[in-house]
Structure formats: C-alpha cells, structure tokens
Amino acid sequence: MKTTSILLFICLLVTSCNQPSNKSDKKTSSSDVITKVELADILKKPDKFNGKQIKVQGLVTHVCKHGGQKLFIMSEDPDKQIRINTSDDIPEFDIELEGSTVEFSGYFKKLTDVETEAMNQDTDEMHYHTGDESHAEAEKASYHLEAHDFKKI
Amino acid sequence: MTRWRRINRWLHRELGYIFFGMTIIYGISGIALNHHVAGHWNPSLVMKTDTLQSDIVGASEHVKQTQVKQFLETIAEQKNLKHYYFPDSLSLYVYLDNGHITVDLESGEATLTKVRKRPFFREINFLHYNKPKKVWMYFSDIYALSMILLAISGLFLVRGRKGVAGRGVWVVMIGILIPLVFIAWHLWF
C-alpha cells in the first residue's frame, strides 16, 4: 500500500510539474495586439495575416462531427468560408456552435505546400467527407486560424 | 524467489491496479474508435435522419422567411430555429438547436437530421483522443509507458515450461507476427 501510494504520488508529481505555467506559456499578453479583421479580407490576401494574432467573426456553418477539432465560418457569401482549428487552449468545438455567430481569436497560419498536401491526403482518406459540402474548399485551403478563444455573438 | 522477480511481480501488480480504470477506458474507446474509422458509427454523436416533403420550392432569392417558419411549424420545430442560409441557389440549410434541415429547392424534399451527444462514449473518446491535451497528455504518456512495463514484466511472471523460456516464446512470436504481417501487406508491398 505504501509503495503503491509512492508510485501514484510520483505519477501525479510528474504530470503537475510538466503543466505549462499560466503566465509564461500563454500566447497572449497585455502587450499583444489582436487585430479584428473581416473574413473577406483574409480570403483576399491570406499571406498578409500569416503568423499574426487576429479576431474574426462569422456564422459557423459546420463543426467537424468526427472529433470536433475544426469548424468553418462564413460571413455573407457561403462560397467564402474559412477553417478554424482548435489549439491547446480549446479541447474541441461543440456541435452546438453550428448555426451560431461566433467570434474567434487566435493565430492565423499558412501551411507549406507539403503540409497542405499531407492534410488533404488525410481528409481524402476519410470516407465521410464527400467534398460536396459548402465548406469543401475551405477544408482543403492551405491556411486556417488556430483559435485559442471564442465567444458567441 | 529472487529479488528481481519479486520487484517484477510487484511492478506488474501495482501498475495493473493503478491503471485498471485507464485500461478499461482505452479498451472500450479503442473498440469504438476502430469502428468509427471503419465507418460503422460515430461514437460521440447520435444522428437520426428523416426525409420530409416541404413546400419550399424555387430559387433561393424567392424563398421568404415566413415560408421557412411555416414549414418548421408543420414539423413542430419552430421553437428550435437558430439560423438558415442558402449554400447555393438550389439549396436551403436550416440550423436547429438540436440538428439541421437541408432542403432541395428544386423538389422541396427536406432531410431533417437530429443530433445529440452519445453519453459515456463521448466522454471516454474525449480522453482517448487526447482532447484535453496539456496535463492529460503527460498522464496518458505515463499510462502508455506503464503498458509497456506491464507487457515486459508480464513475460517474466511465469517460470518453467509455460514461461517465456518455454512455450511462451512461440506465443509471443505469433503476437508480434500478426501486426507485422498487416504492416507489411498494407505498407511495404
């Protein structure tokens, strides 16, 4: 019993010691500026926002039902959608976000050609993605927002 | 019994006790996820689909909000309306609190999909997929390492004819060959 308790204590100690500090590892700080941008502007020139912290708002058209690790938002034009991925700060997106207008904050990321190809290969292997959906183009896009926070509008 | 055997037995027993719960969680969710990848079901969500006939027909620019609301009243979903939009000129997509409806504006055919979370499986898959990340990732790494220790220590629990130096080695070889054959078949040749 004594040795089991010691073993358990060591497990908990290791996991708690490796917990990221709330201050030092947090990506945002009071000096970081988060720019609010329009979805249409992002889609016109995605390279301009690469690596930047931005806020973008839109109607959530689809939450991936296989893990909730990504969703898609649009502003007014359903052909213009963008992919939002989770981050360490967001475990998953709730299916209940579908149909809601939500503002997301996070880092905009542009993938390399190799990364985009690998991502699309994974998506194509998933039989449940038919490619007919309105967000199909956004699903294969080489950029996305990695959200660390969001709020319903 | 030699000292190392005593330690080995102790390690196997204590790790088995500590991670009993985790093994049950990962075992059940592993089966659930296996069948999810194979397309048999969605372990996290229950989705029920019904086909209905609506009177919402015509190009999207002519569809009025009152038509959408009237159709929802006929199927008792008017209180669940969240939003709707037109993915293209011949489709209508209506978001409900508990699902969605897609309408083919050419025929008026509507597909109502009700969605709810699947209890128990949603929770265990949440852990198995490492969705909490952060601290949970390190704890589940420790669990994975413990499984390796459990496997290795298990080899040396039994001595003699039925131990790993006896017939045990052949059973171990079979257990290693089976996954190797699948890897070789699908990835190497």
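Just so it is clear, none of the values below were taken in a lab; they were calculated from the coordinates. The shown structure was predicted, so the numbers you read here are calculated from the model rather than taken from an experiment. Cβ atoms come from the backbone with ideal geometry, glycine included; neighbour counts cover every protein chain shown.
Listing for the model above:
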item	result
At 0.692 mPa s and 37 °C, Stokes D of the range B:115-189 from Kirkwood alpha-carbon radius, µm² per second	207
Size of charge dipole - the range B:1-118 - debye, nearest 20, with Cβ of Lys, Arg +1 and Asp, Glu -1, no other charges	1560
B:Glu73-B:Arg13 FRET efficiency (beta carbon distance; Förster radius 51 Å; 0.05 resolution)	0.20
The range B:53-121: GluC sites (Glu not before Pro) falling in loop per DSSP and having at most 13 other Cβ within 10 Å	B:Glu106
The range B:51-127: chymotrypsin sites (Phe, Trp or Tyr not before Pro) falling in loop per DSSP and having at most 16 other Cβ within 10 Å	B:Phe120
Phi-based couplings in Hz for the range A:99-106 (Karplus 6.51, -1.76, 1.60; Gly and Pro marked x)	x, 9, 8, 10, 9, 10, 10, x
Cut-off under 5 Å, modelled amide H: who pairs with B:Leu105 long-range	B:Ser91, B:Leu92
Projected-area mean, the protein assembly as shown, by convex hull of Cα positions, square nanometres	24.0
Unit charges at the beta carbon, dipole of the protein assembly as shown: most positive-side option, A:Ile90, B:Gly163, B:Leu145	B:Gly163
About the Cα centre, charge dipole magnitude for the protein assembly as shown (Lys/Arg +1, Asp/Glu -1 at Cβ), debye	2840
Three-way shape call for the range A:43-153 based on the alpha-carbon gyration tensor, with the a/c threshold at 1.5	rounded
Across A:Lys55/A:Lys110; A:Lys65/B:Lys117; A:Lys110/A:Lys140; A:Lys36/B:Lys133; A:Lys140/B:Lys134; A:Lys65/A:Lys140, pairs whose alpha-carbon gap is larger than 20 Å	A:Lys36/B:Lys133; A:Lys140/B:Lys134
Global geometry of the range B:45-117, whether rounded, prolate or oblate, following the gyration tensor of its Cα atoms and the 1.5 cut on a/c	prolate
Two-site FRET efficiency, B:Ala59 against B:Lys114, from Cβ-Cβ distance with R₀ of 22 Å, rounded to 0.05	0.20
Among B:Ala38, A:Ala40, B:Trp188 - extreme Cα towards positive end, dipole of the protein assembly as shown, charges at beta-carbon	B:Trp188
